[in-house]
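Worksheet for the structure shown next.
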Amino acid sequence: MLGAIIAFGVIALQVAQHGALAVLDGRIAQSLHRHAVEPMIGLMRLLSLLHGPGATGLLALPLALYFWRRKELGWLLLGLVCVPGGMLLNELIKLAFQRSRPVLEQPLVTLTSYSFPSGHAAAATVLYGLAACYAMTRMRRAGPRAAVLLVALVMVALVGFSRIYLGAHYLSDVLAGAAESCAWLALCLVSGAAWERRYLSTQ
């Protein structure tokens, strides 16, 4: 959690001070925009559409149903707090920074909301991170645990890349969104574990 908070702080400082990362942001955004072609554009649009804050809430429903059917009420409660709470946190941080979206000629997407940090990256990190954490607690062998973690990382990376490719976000927006949600997810997991220990000690 501390590492994610530090990472977010470093990224936020770079953005606020227009540092080297902010300069790199512009170069990457312009380069990807110049080389954007079909069918890649369509694939990135679909990936982005499936992982917006609202769509992520829908994607979380099967996971919540699974927890309910398995009587994993602790994980169910964790998901009900973690996923929407992470989205709310992202919106509050956006209001604090009020960073404008990338400015590109003939943009692929036009958005009026703030850019930093990426809501898509944040939502994907919370959703796939939570699912991966649950799966890893049910696995004993290192191989399957590593595979689950890799799948989660790949999904978050793809969602983040789709936002940069479409010109909706800068690289730093995506990195900050992932770091923000890693910290939030860690906080929820630690708090949930502490609550569970306290609850069991009273039984």
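Tell me the residue from Arg45, Arg99 that is surrounded by 13 or more Cβ atoms within 10 Å (Cβ to Cβ), part of a loop (DSSP other than H, G, I, E, B) and under 21 Å from the mean Cα position of the chain (by Cα), please. I'd like the intermediate steps shown before the answer.
Numbers: Arg45 fails: part of a loop (DSSP other than H, G, I, E, B).
The conditions single out Arg99.
The condition of being part of a loop (DSSP other than H, G, I, E, B), among the hydrophobic types (A, V, I, L, M, F, W, C) and in contact (Cβ under 8 Å) with a residue 24 or more places away in the chain holds for only one of Ala36, Ala60, that being Ala36.
There is at least one residue in region 1-13 that is assigned to a loop (DSSP other than H, G, I, E, B) and either in contact with a Lys or Arg (Cβ under 7 Å, 6 or more places away or on another chain) or touching a residue at least 12 places away in the same chain (Cβ under 8 Å) (or both).
Here Thr112 clears all of (1) at pLDDT below 90; (2) farther than 30 Å from His18 by Cα except the condition numbered (2).
Run down Val15, Val81, Val23, Val37 and say which single residue is closer than 26 Å to Ser113 by Cα, surrounded by 12 or more Cβ atoms within 10 Å (Cβ to Cβ) and either hydroxyl-bearing (Ser, Thr, Tyr) or more than 17 Å from the chain's Cα centre (by Cα) (or both).
On the way: Val81 fails: either hydroxyl-bearing (Ser, Thr, Tyr) or more than 17 Å from the chain's Cα centre (by Cα) (or both); Val23 fails: surrounded by 12 or more Cβ atoms within 10 Å (Cβ to Cβ); Val37 fails: surrounded by 12 or more Cβ atoms within 10 Å (Cβ to Cβ).
Answer to the check: Val15.
Counting only residues that are of a type in the set (Ser, Thr, Tyr) and crowded, with 17+ Cβ neighbours inside 10 Å, how many does region 54-78 have? Total meeting the criteria: 1.
The values are calculated or read from the model by the stated rules, or taken from the named source; none is laboratory data. As the structure is a prediction and not an experimental result, all values here were calculated from the model. With ideal geometry, Cβ positions are generated from the backbone for all residues, glycine too; neighbour counts draw on all protein chains shown.
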